[in-house]
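Chemist: One structure is given below, represented as structure tokens, and several questions about it will come after.
The values are calculated or read from the model by the stated rules, or taken from the named source; none is laboratory data. As the structure is a prediction and not an experimental result, all values here were calculated from the model. Here the Cβ positions follow ideal geometry from the backbone for every residue, glycine too, while neighbour counts run over all protein chains shown. We work out accessible area using only protein heavy atoms, side chains counted, and drop any ligands, DNA or RNA first. Shrake-Rupley method; radii C 1.70, N 1.55, O 1.52, S 1.80 Å.
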Amino acid sequence: MTRWFLIAGVSGALLVAVRFPRILELLTTPAPGTVLPAIGALALPAAAFAGWYWSRRGHSSTQDVWGRLIASKSFLTGAGVVATLGLAALLAPVLTSYNPNAQPDILGAATLRPSWAHPFGTDFFSRDLLSRVLYGARWSLGIALVAVTLLVVVGTAAGILAGWAGGIVDAVVMRIVDAGIAIPRILLLLVIAALWGNLNFFALATLLGLTGWFGLSRIVRAEVLSLKQRPFLHAARALGISRRRMVTHHLLPNLAAPITVTAALGVGNIVLTEASLSYLGVGAPPPDPGWGNIIRESTSIILSAPWVAFFPGVAIFLTVVGFSLIGDSLRSALNPQAR
Amino acid sequence: MTALLRVRNLSTSFATESGLARAVDDVSFDLEQGETLGLVGESGCGKTVTALSILRLIAEPPGQYGEESRIEYEGVNLLELSARDLREIRGAQIAMIFQEPMSSLNPVLTVGSQIVEAIRAHGSESRREATERAVELLTLVGIPEPGRQINDYPHQMSGGMQQRVMIAMALSCRPKILIADEPTTALDVTIQAQILDLLMDLKVRFGMSVLFITHDLGVLAGIADRVAVMYGGKIVEEGEVHAIFERPAHPYTQGLLRAVPHIDRPTAQLRGIPGAVPTATEWPSGCRFHPRCSQRIDRCSTETPPDITTETEHIARCWVATPAGKS
Amino acid sequence: MTRFLVRRILHSVAIVFIVATITFLLVHIAPGDPATAQFRDRPVSPEIVAQYRRDWGLDRPLYQQYLSYLSNIARGNLGQSFSLNRPVSEVVLQALPNTVFLAVAALGISFAVGIVIGTAQGATPNSRFDHTLTAATLAVFSMPIFWFGLMMMLVFGQWLGWFPVSGATSPVYSALPFLGRVADRLHHLVLPALTLGLGGSAVVARFHRAEIAEAFAQDFIRTARAKGLSERDVVLRHALRNALLPAITMLGLSLPVLFSGAVLVEHVFAWHGMGLAAFDAVARRDYNVVTAIALFGAIMVVIGNVVADLAYRRVDPRTRAS
Ligand SMILES: Nc1ncnc2c1ncn2[C@@H]1O[C@H](COP(=O)(O)OP(=O)(O)OP(=O)(O)O)[C@@H](O)[C@H]1O
Ligand SMILES: [Mg+2]
């Protein structure tokens, strides 16, 4: 069943790509190769949830979770906000006819107030701000999704490794995690920026992912340890059930809940961190628009053109609110006892 | 003469995810001046909810009291009192002790300060006077070195000592009624006996009425004047302690009695009641006990049984109980 | 207690050691070395670069460099700033007081505000009031802190003109009398501290609300009500008192986020602290300064956590030595 969906999806995507190359082109401007992997990464939180759902289909508790989610106002709000932002990013070329990097009239059309022609106004270089914010969504959301994928993979692997192996491995991994949590994240990222200079999309995404997994690995490790205590694992071992099967059938289903929640909350967190780096000038390389970048460029004109700083900030704000609502409602839907 | 406490048609329900839990359903009883009423039933029968309802300690929502419910203390319906007036009753007129002394005491306050707080909630004592009184109370409940232990934290005491502290706290304002919700269940058997003796001694000294809740009918034999047996959120049998023990009319009470170890027949097997109490969201139809009852007849599963007054002048709600004068 | 302290300190030393190792590794896997960084913008002959390498021991085997790096750190020697030609420790120590000043003020604001809000919410769970505040804290929590700072600056600094928008002191500072200086400093502190503090308060409030709600579910709350205490006493004497204990732990845990926020807020308000020093050093690719500040930040976090743990054990009667 799932296989068929996959085959249909992939072949459909291929067909679209071959038949309508223009769509691909639209999807990947201005930074080619950034959006498609990002869309691919979108699948991760969804897949984690689906995996959890699948592993327990038929259980009445699963129905309950789904029911609670659908009934939860904050989940619906969050999903609505996120879907809108995601669509806006994908449809940016349709929603605006301006090139986000074009500077049509740097003398005459700079820092125009919001108007019908430029709903968000224009910036210091006469660029249309709406298009910059829309295309900025591609950069900011794209990075966040790639980074979250990485964070989940590394965090889960490290947590399982530490919890399962125990002993010295556990001690070393967990001390590294302690150290990673102790260094203020922005300072760590600044060190790397100072050492490496400008970073491209994937370098930045990797960096954000590799500095964000510490918290998750603690949760995963705790889950593995508590699972190791339970009698059914001894029974499973005694029955000669393979290690792989224990991981896929017993461990991963239990981990799906914390991972899903962490992934959802992680997106917001990474959007914030990426924007902070770009604001400090060590993130998105200008002139490509990222939300943090736009705000950085707005600070010199904040008095005369405050809207340039305002709109990208609202975009970041909405993204974080959306993902936080999703994450929080997932958390309470997955373990209803904890309020 | 009207009773000190009259509970009438008390219904307490909770809105839960799996529907309305009718934890207490149309319960009525009286507590007379100076008497000890035992309330007995298995776990989940609604004893604690009944006790908490009397002082309106059920959180609303999810809890909710029925429309006709009345809790009359000295003629005043507690369910209609303002929050401020209700506080004048709580602790001062009606006090309560709980099953788990450990979790019922605040772990980060000294036992002394928790007693002082109870005293000062209702009086005009200074902190020093209240502290002196707290030491007196601790002496009264048999704490060995009250002057020192008053500065201890709950975790530094044994369960028995903690329960003594709870009793001291409950008595601090000389209440007229003490509600004791399974006060000995969490304690060792030897300690249980000591606490029971202490409670009964203090009851006489303070002239209190006691509502004593337990799941162990045997405990009530020595201390209660009257007994109310609760099952499925309802009182199924009620009467003088001797009548209940000698001529139990309800099959549930009979089952509970069989579960009590007996001095006279120590070798006799303990027989409990088969099955378990259903959840409060899904009470069975008719008599709520019928699925577990060995004496059930057809109508038990469809019709709610009436009040039958038995020969020994007590009431049983059961289709097969024998009314007085019919045997 | 002593055993706990010893274990805790060993643990902290291990963390600092790993942080130092991480920064060392980062520096050495990055392209180039201090010598190339030093002469990056100046064309010099290879001999001079080689000489520089010899002088600073950069030609020694990696493990020797690593050992001397560690021993230097242990002795408080953080190396030389390439761009400022001063010892890094001087640069850091000069920036430290401003950062501490800002961080302490912000920490105070975030816990004071966060605990009041969280308590009010936790005491009336699921009321309309609770939902409104939940939305408000979520909103503050979701704003990028630098943007929040810019907006504060715009509204309270520029449009209303109530507070200065940049620097820690005014240009005339040194000419002011003592009280004037104090007032001047506080006046400059308001916007940065509020930005950083309110951002933190949202996190504290969300955490504390849950703690209060949990405290409220405990049996001893029922006992307190059964005694006839007023709801105010139930909240303040019983629920809050218990929920404040986890807040102490939270205080330690919130330090890394606080310092990260401070870097951004210092940048927005041109507040000359460690964050701004780190930022300036990045612009000049003076990574000795940046790594030193990161290491220093981590050490402060680790110390903060130990202090919080000790405070917790002192305050909680269940762990206090009896
Ligand atoms: N807050 C609540 N929400 C929902 N249901 C509740 C709540 N409190 C009690 N109940 C339900 O009410 C019923 C009676 O509970 P109660 O605690 O009064 O039983 P009990 O007779 O005191 O048992 P025990 O001997 O275990 O103390 C139970 O089925 C319980 O699930
Ligand atoms: Mg009970």
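Chemist: Just how much of C:TYR173 is accessible, in Å², when a 1.4 Å probe is used and the result is rounded to the nearest 10?
Modeler: 50
Chemist: Does the range C:177-322 come out rounded, prolate or oblate, given a ≥ b ≥ c as the square roots of the eigenvalues of its C-alpha gyration tensor, rounded meaning a/c under 1.5 and, failing that, prolate meaning a/b above b/c? Write out the running numbers ahead of the final one.
Modeler: Numbers: a/c = 2.77, a/b = 1.98, b/c = 1.40.
Prolate.
Chemist: If you keep only loop residues by DSSP, which trypsin sites (Lys or Arg not before Pro) in the range C:204-286 have at most 11 other Cβ atoms within 10 Å of their Cβ? Write down the numbers at each step before the final one.
Modeler: Numbers: sites: C:ARG206, C:ARG209, C:ARG222, C:ARG225, C:LYS227, C:ARG232, C:ARG237, C:ARG241, C:ARG284, C:ARG285; in loops: C:LYS227, C:ARG284, C:ARG285.
Nothing satisfies the criteria.
Chemist: Ignoring everything but the protein chains, give the 1.4 Å probe accessible area of B:HIS215 in square angstrom, nearest 10.
Modeler: Around 90 Å² of this residue is reachable by solvent.
Chemist: Sticking with this one: Given C:ASN126, B:MET161, A:TYR279, which one lies farthest toward the positive end of the charge dipole of the protein assembly as shown, if we put +1 on the Cβ of every Lys and Arg and -1 on the Cβ of every Asp and Glu?
Modeler: Towards the positive end, the residue furthest out is A:TYR279.
Chemist: Would you mind getting the accessible area per residue of the range A:129-324, heavy atoms of the protein chains only, 1.4 Å probe, in Å²?
Modeler: Per-residue value: 33 Å².
Chemist: Please arrange B:GLU282, B:GLU17 by accessible surface area, largest first, computed with a 1.4 Å probe and ligands excluded.
Modeler: Ranking B:GLU282, B:GLU17 by accessible area, largest first, yields B:GLU17, B:GLU282.
Chemist: Charges on Cβ only, +1 for Lys and Arg, -1 for Asp and Glu, centred on the Cα centroid of the protein assembly as shown; of A:LEU76, B:THR322, B:CYS45, which one is farthest towards the dipole's positive end?
Modeler: Of the candidates, A:LEU76 comes out farthest on the positive side.
Chemist: What number, rounded to the nearest 500 deg cm²/dmol, is the helix-based mean residue ellipticity at 222 nm of chain C, given -39500 (n - 2.57) per DSSP H run of at least four residues and division by all its residues?
Modeler: -24000 deg cm²/dmol
Chemist: So how much accessible area does B:ARG8 have, in Å² to the nearest 10, using a 1.4 Å probe?
Modeler: B:ARG8 has an accessible surface of roughly 60 Å² with all protein chains in place.
Chemist: Another one. Return the average number of partner chain Cβ atoms within 10 angstrom of each residue Cβ along peptide C:136-145.
Modeler: Mean partner shielding for this stretch: 6.
Chemist: On to the next question. Rounded, prolate or oblate for the range B:87-200? Axes are the square roots of the Cα gyration tensor eigenvalues, ordered a ≥ b ≥ c, and the cut-off for rounded is a/c under 1.5.
Modeler: Numbers: a/c = 1.68, a/b = 1.24, b/c = 1.36.
Oblate.
Chemist: What is the distance in Å between the Cα centroid of the range A:177-212 and that of the range B:79-141?
Modeler: Rounded to whole Å, the Cα centres lie 56 Å apart.
Chemist: A further question on this structure: Heavy atoms only, probe 1.4 angstrom, no DNA, RNA or ligands counted: give me C:VAL13, C:VAL282 ranked by accessible area, highest first. The partial results should precede the final answer.
Modeler: On the way: C:VAL13 85, C:VAL282 15 Å².
So, going from the largest accessible area down, we get C:VAL13, C:VAL282.
Chemist: Quick one: helix C:88-123 against the long Cα principal axis of chain C, what's the angle to the nearest 10°, folded into 0 to 90?
Modeler: 20
Chemist: I've got another one for you. How far is helix C:255-268 tilted off the main Cα axis of chain C, in degrees rounded to 10, range 0 to 90?
Modeler: Approximately 70 degrees, to the nearest 10.
Chemist: Still on this structure, I have one more. Let me check something: with ligands and nucleic acids excluded, how do A:ASP178, C:ASP219 order by accessible area (1.4 Å probe), largest to smallest?
Modeler: So, going from the largest accessible area down, we get C:ASP219, A:ASP178.
Chemist: Something else about it: If I take every Cα pair under 8 Å that is 6 or more residues apart in chain C, average their sequence separation and divide by the length, what percent do I get for the relative contact order?
Modeler: Reported as a whole number, the value is 26 percent.
Chemist: Between beta-carbons, use under 14 Å as the cut-off and find the net charge around A:ARG218, counting Lys and Arg +1, Asp and Glu -1.
Modeler: So the environment of A:ARG218 carries a net charge of -1.
Chemist: Within chain B, which complete DSSP H helices have Cα atoms spanning at least 20 Å along the helix axis and a mean Kyte-Doolittle hydropathy of 0.5 or higher?
Modeler: Taking the DSSP H segments of chain B (at least 20 Å long, mean hydropathy at least 0.5), we get B:189-206.
Chemist: Would you work out which of C:PHE178, C:MET153, C:LEU244 lies farthest towards the positive end of the dipole of chain C, given +1 charges on the beta-carbon of Lys and Arg and -1 on that of Asp and Glu, about the Cα centre?
Modeler: Checked the options; the winner is C:LEU244.
Chemist: Note down the relative contact order for the range B:112-247 as a percent, whole number, built from C-alpha pairs under 8 angstrom at least six residues apart.
Modeler: Details: 137 pairs, mean separation 24.2, N = 136.
18 percent.
Chemist: Read phi for every residue in the range C:132-137 and hand back ³J(HN,Hα) as whole Hz from Karplus 6.51 cos²θ - 1.76 cosθ + 1.60, θ = phi - 60°, with x for Gly and Pro.
Modeler: For the range C:132-137, the Karplus curve yields 4, 5, 4, 4, 5, 5 Hz.
Chemist: Something else now. How compact and how long is the range C:66-188, expressed as Rg and Dmax of its alpha-carbon atoms in Å?
Modeler: When restricted to Cα atoms, the range C:66-188 yields Rg and Dmax of 21.0, 61 Å.
Chemist: Taking the Cα centre of the protein assembly as shown as origin and charging only Cβ (+1 Lys, Arg; -1 Asp, Glu), how large is the dipole, in debye to the nearest 20?
Modeler: In debye, rounded to 20, the protein assembly as shown gives about 2240.
Chemist: Once every DSSP H run of n ≥ 4 in chain B is given -39500 (n - 2.57) and the sum is divided by its residues, what mean residue ellipticity at 222 nm do you get, rounded to the nearest 500 deg cm²/dmol?
Modeler: -9000 deg cm²/dmol
Chemist: How much of the accessible area of the range A:129-324, probe 1.4 Å, is carbon plus sulfur, in whole percent?
Modeler: 67
Chemist: Right, something else. Give me the inter-chain shielding for B:162-170: mean count of other chain Cβ atoms within 10 Å, whole number please. Let's see the in-between values first.
Modeler: Numbers: counts 0, 0, 0, 0, 1, 0, 0, 3, 3.
Counting other chains' Cβ atoms within 10 Å and averaging over B:162-170 gives 1.
Chemist: Which whole-number percent is the relative contact order of the range C:195-304 (Cα, under 8 Å, 6+ apart)? Don't skip to the answer; put the middle values down first.
Modeler: Values: 62 pairs, mean separation 24.8, N = 110.
Dividing the mean separation by the residue count of the range C:195-304 yields 23 percent.
Chemist: Also: May I ask for the Rg/Rh ratio of the range A:110-222, computed from Cα atoms with Rh as the Kirkwood radius, given to two decimals?
Modeler: 1.19
Chemist: Further question on the same structure: Mind checking how much accessible area C and B bury in total, 1.4 Å probe, in Å² rounded to 100?
Modeler: Result for this pair: about 2100 Å² buried.
Chemist: Another question about this same structure. Along the three principal axes, how long is the protein assembly as shown when you take its alpha carbons, biggest first, rounded to the nearest angstrom?
Modeler: Taking max minus min along each principal axis of the Cα atoms, the protein assembly as shown gives 119, 75, 62 Å.
Chemist: Average partner chain C-beta neighbours within 10 Å, per residue of B:88-99?
Modeler: Across the residues of B:88-99, the mean count of other-chain Cβ atoms within 10 Å is 3.
Chemist: In a solvent-free Debye calculation with one equal scatterer on each Cα, what is log10 I(q)/I(0) for chain C at q = 0.07, 0.09, 0.15, 0.16 Å⁻¹, listed in the order of the q values?
Modeler: Rounded to two decimals, the profile gives -0.39, -0.62, -1.24, -1.31.
Chemist: Can you tell which of B:LEU178, B:LEU202, B:LEU220 shows the greatest fluctuation in a Gaussian network model of chain B with Cα springs below 10 Å?
Modeler: B:LEU202
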